[in-house]
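One structure below.
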Amino acid sequence: MKEIALYVVYDLIHLTRGTGIADATPFFICSMVTISLLLAVIIFAGSLYRRYFSQGCAKDFHMHKKMFIDNIPAAFLCGGV
C-alpha cells in the first residue's frame, strides 16, 4: 500500500522529495484507503445484520439475556468504562 502511494506521489504527480506536502501525501492516501475499507466492512456487517435478523428476532434475543451481560457492551459503546 505504501509503495503504491509513494509511486503516485513521486512518479505520477512529480512532487519534490523532502517537501512537507510530498511527505504528508502518502500518509494521507494510505489513511484514506484504510478508513474507506474499514467503513465498507462496517457497512457490510450492518447490512448483513439487518438482512438476516429481523427486529423481532433481535428483540427476543436481547430480552432473554441477563441485564448485566447486556449492559457491558453498552457501557463500552457509550464510553462509560
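The values are calculated or read from the model by the stated rules, or taken from the named source; none is laboratory data. These numbers were taken from a predicted model, which means no experiment stands behind them. Methodologically, a virtual Cβ is constructed for each residue, glycine included, from the backbone with ideal geometry; neighbour enumeration extends over all protein chains shown.
Filtered by the rule that a residue be exposed (fewer than 15 other Cβ atoms within 10 Å of the Cβ) and not hydrophobic (A, V, I, L, M, F, W, C), segment 2-13 gives Lys2, Glu3, Tyr7, Asp11.
Restricting attention to segment 31-75 and to residues that are among the aromatic types (Phe, Trp, Tyr) and at pLDDT below 75, the residue that is farthest from Ile4 (Cα to Cα) turns out to be Phe68.
Residues in segment 14-36 that are exposed (fewer than 11 other Cβ atoms within 10 Å of the Cβ) and within 24 Å of the chain's Cα centre (by Cα): Ile35, Ser36. Right, Thr25: part of a loop (DSSP other than H, G, I, E, B), among the polar types (S, T, N, Q), out of contact with any Gly (no Cβ under 9 Å at 6 or more places or on another chain) and free of Cβ contacts under 8 Å to residues at least 24 places away in the same chain or not? No: the conditions fail for Thr25.
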